[in-house]
1. Report, by residue number, each residue of the range B:103-127 that is more than 10 Å from chain A (Cβ to nearest Cβ) and within 23 Å of B:Tyr221 (Cα to Cα).
2. Go over the candidates B:Gly192, B:Gly207 one by one and state the one that is surrounded by fewer than 21 Cβ atoms within 10 Å (Cβ to Cβ) and not basic (Lys, Arg).
3. Which members of the range A:216-254 meet the condition of being charged (D, E, K, R) and either in contact with a Phe, Trp or Tyr (Cβ under 6 Å, 6 or more places away or on another chain) or in a helix (DSSP H, G or I) (or both)?
4. Which ones in the range B:265-280 are more than 15 Å from A:Ile78 (Cα to Cα) and over 23 Å from the mean Cα position of the chain (by Cα)?
5. Return the residues of the range B:129-151 that are modelled with pLDDT of 85 or more and either in contact with a Leu (Cβ under 6 Å, 6 or more places away or on another chain) or more than 25 Å from A:Ala143 (Cα to Cα) (or both); say none if nothing qualifies.
6. Can you tell me which residue is farthest from the other protein chains (Cβ to nearest Cβ) among those in the range A:115-129 that are open to solvent by less than 10 Å² (accessible area, probe 1.4 Å) and touching a residue at least 24 places away in the same chain (Cβ under 8 Å)?
7. For the range B:81-89, does any single residue satisfy the condition of being within 30 Å of B:Cys21 (Cα to Cα), away from chain A (no Cβ under 14 Å) and not in a helix (DSSP H, G or I)?
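The values are calculated or read from the model by the stated rules, or taken from the named source; none is laboratory data. Since the model is a prediction, treat every value here as computed from it, not as a measurement. Ideal geometry is used to build each Cβ from the backbone, glycine not excepted, and the neighbour counts take in all protein chains shown. Remember, those area values only see protein heavy atoms, side chains included, never the ligands or the DNA or RNA. Shrake-Rupley method; radii C 1.70, N 1.55, O 1.52, S 1.80 Å.
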Amino acid sequence: MNRRPFLKLVSAMTLAGALAATAASAETIRIGAVAPKTGPLAGGAAVTQWPSIYLWVDQINAAGGLTVDGEQMMIELIEYDDQTNPGETIKAVQRLATQDDAHFIIAPYGTGLNLAAAPLFDRYGYPQIAVSAITDQQADLAAKFPNMFFTLGTTTALAADVVSVLSDMRAAGQMGDNVAMVNVADAFGIELATAAKPLFEEAGFNIVYETSYPLGTQDLSPVIKGAAAAEPDAFVAWSYPPDTFGLTEQAMIEDLDVKAFYTAVATPFPGYGARFGAAAEGVLGAGGVNPDSDAFKEYAAAHEAVTGEKPDYWASATTYAALEILAQSIEAVGLDRAEVTAHLKESSFDTILGPISFDENNSNADFWTVGQWQGGVFRGVASRGRDGSVPVILKDGWE
Amino acid sequence: MSLTATDIRNLCLSALALGICALLPFGDNGYWLGLGVTIAMFTALATSWALFSGPTHYISLATAAFFGVGTYVTGLGIETLPFWALVILAGGIGAVLAALVGLATLRLSGVYFVIFTLGLAELVRQAITWVQNNSGQKGLYVLTDLDEAGIYWWLLGLTALVLLGGWMIGRSRLGFALRIIGDDETVAAHSGINTARAKVLLFMVPGAVAAMTGAILAPRYVYIEPSLAFAPILSFQVVIMALLGGASRLWGPLVGVIPFTFLLEAVSSNFPNQTTLVIGIAFLVIVYLLPKGFVGLLDAVLHRINKTGAV
């Protein structure tokens with residue numbers, strides 16, 4: 001057997017690889033990305049996280065790169081799959097920091113994976129502009145991890161604004177006091193329910209039905225039937241992607257008669273509107289954007305052109321905005337990570353969501369909290385400091 | 001018990017090797033230390049797993065259940081108790097849980113036991129979630145000053161304990177009884193061995209060790225979610241690593257854990273889009289090509305050398 005061709009191929013590839021590596025390290029900015037491509041959170045990351053990253057890299061490189069100290073530098077993206085496993089996230093961030101020598105690392109996806117990575121971002125001095133990490137512990141976390149920034153809001157704000165949207169509807173005489181509240185029995189679902197319950201009671205609502213179901217429950221009809229039997233004016237579910245779809249489906253089957261129907265995570269996904277069509281009209285959900293702003297329209301069009309997918313109506317745009325913030329900081333102060341972090345703390349950034357700046361807890365105070373499907377588009381109806389929210393409409397049947 | 005000169009030499013060499021391992025954080029505080037944590041974690045888990053499953057041939061998939069319990073012990077107690085107390089407490093709870101499970105299932109054999117242990121992680125996860133759900137959000141955030149080096153030393157200490165404990169069990173009446181049970185349970189029972197008691201006692205070891213490992217690693221994860229703490233993949237990883245090394249020797253799992261950790265690392269860094277696929281293929285290759293693990297391979301090689309030497 002002649003081994004020569006194989007040897008030649010291997011040496012050629014090694015040589016090419018070495019050349020590419022030197023060429024790459026000379027003039028590119030190495031950006032690391034780690035997020036789920038497999039495991040329970042892969043579906044969400046495939047909608048919200050990865051496409052915005054690809055779009056951002058594509059746009060910057062198409063424009064000739066970022067200007068760093070007067071020099072144009074292209075971006076080289078190094079991506080890893082953490083399999084929705086915090087141990088793998090930790091390994092991947094460590095690999096990016098020490099083996100790949102990444103200049104910057106994009107924050108991981110999901111609260112748990114972001115927090116697992118936070119000690120490493122902190123140790124290596126990487127700014128961590130977290131998006132899909134909603135928590136009420138921002139002050140504690142920012143004190144412990146001074147490089148960690150929060151963009152998507154707090155648990156309590158998400159819950160409180162649902163309560164205030166319903167309060168406004170009640171004040172306008174559109175609905176009564178009775179609320180059915182359910183939650184998925186998993187970390188974020190429990191956090192939201194714990195935050196919401198006292199707020200509903202304070203606002204004078206009667207929680208006429210309250211239950212929870214385990215993550216991954218296939219048959220949600222008992223939940224909807226139980227809620228229907230209590231004859232609530234509003235149905236609120238602190239739900240995750242699979243049950244957001246499942247509850248909506250059951251509500252359609254049972255023809256749940258409520259004035260307001262709210263499901264939490266994944267309601268703003270384009271897949272939700274596509275699946276339920278006209279029945280989605282009037283469904284409230286966590287998040288929102290201003291879909292009529294020129295910046296969002298332009299982003300959505302580019303998103304679809306480059307990745308073939310539509311962005312969601314909440315965290316997609318925030319993910320992209322976090323990357324815009326990173327790019328603006330790099331162009332402003334260069335590749336020094338400590339200077340970028342300092343710049344993040346003191347500057348205001350112009351993003352597709354509007355201006356974003358971080359307060360003393362490294363938190364962005366302006367974010368969307370509640371949205372609603374109206375005319376095939378998920379529109380923000382409540383926010384903290386964002387322009388363009390529209391009035392809430394009544395949920396009028398499931399046809 | 002009496003120690004021979006070989007025993008003492010082996011003990012000293014093992015202590016020396018552990019001492020050298022303990023110096024790792026001074027050499028590298030980043031990438032290699034991170035891999036060191038992974039290796040120490042899986043060595044403790046796989047060695048304790050093999051202590052029970054090696055001699056008895058019961059395949060336990062309960063590692064994730066005990067591990068998850070341990071992370072929650074730290075999560076719920078970190079505000080009130082010192083860390084070392086939580087690790088000990090986790091070990092105690094893990095052992096008690098293992099004893100309960102053992103009493104209920106170890107009279108079963110074969111596939112019934114495997115299925116029960118697989119379901120156990122889900123059962124415990126749902127139980128903990130139920131408590132959390134009814135008591136409000138608790139034990140989700142673990143903020144400590146323990147860094148990677150501290151976690152590594154804790155795990156290394158635990159690994160040392162497991163190895164020492166395994167060595168002592170191997171020399172004890174209990175270890176002898178288990179080897180007989182593994183060879184033929186009927187013979188063991190007829191020889192007057194209380195087989196159920198022996199199995200339950202030994203099953204408590206991997207239970208306690210996995211819970212302690214979970215308790216030690218909780219600060220590394222910062223945020224504890226049921227879906228992450230009870231990830232079933234952990235149980236399978238431990239089994240495959242122990243089998244790759246070979247469960248019939250105390251040091252067998254160690255020689256499986258180290259190459260497997262590097263293999264996983266190489267796969268996840270080189271195939272970011274096909275990680276799970278390539279890991280699956282690696283599993284198949286190991287089972288087909290190395291059914292008895294590296295220990296079996298070594299035995300076969302030694303056997304052949306002896307044979308040719310004799311001829």
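1. B:Leu120, B:Ala121, B:Leu123, B:Val124, B:Ala127, listed by residue number.
2. Testing whether each residue is surrounded by fewer than 21 Cβ atoms within 10 Å (Cβ to Cβ) and not basic (Lys, Arg) leaves just B:Gly192.
3. The answer is A:Lys225, A:Asp243, A:Glu249, A:Glu254.
4. Within the range B:265-280, B:Leu277, B:Val278 qualify.
5. Of everything in the range B:129-151, just one residue is modelled with pLDDT of 85 or more and either in contact with a Leu (Cβ under 6 Å, 6 or more places away or on another chain) or more than 25 Å from A:Ala143 (Cα to Cα) (or both), namely B:Glu148.
6. A:Pro127
7. For the range B:81-89, residues within 30 Å of B:Cys21 (Cα to Cα), away from chain A (no Cβ under 14 Å) and not in a helix (DSSP H, G or I): present.
Yes/no matrix, rows are residues, columns are (1) crowded, with 24+ Cβ neighbours inside 10 Å; (2) of a type in the set (S, T, N, Q); (3) farther than 28 Å from B:Tyr223 by Cβ:
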position: B:Tyr58; (1), (2), (3): no, no, yes
position: B:Ala65; (1), (2), (3): yes, no, no
position: B:Thr71; (1), (2), (3): yes, yes, no
position: B:Leu76; (1), (2), (3): no, no, no
position: B:Glu79; (1), (2), (3): no, no, no
position: B:Pro82; (1), (2), (3): no, no, no
position: B:Gly92; (1), (2), (3): no, no, no
position: B:Val96; (1), (2), (3): no, no, no
position: B:Leu100; (1), (2), (3): no, no, yes
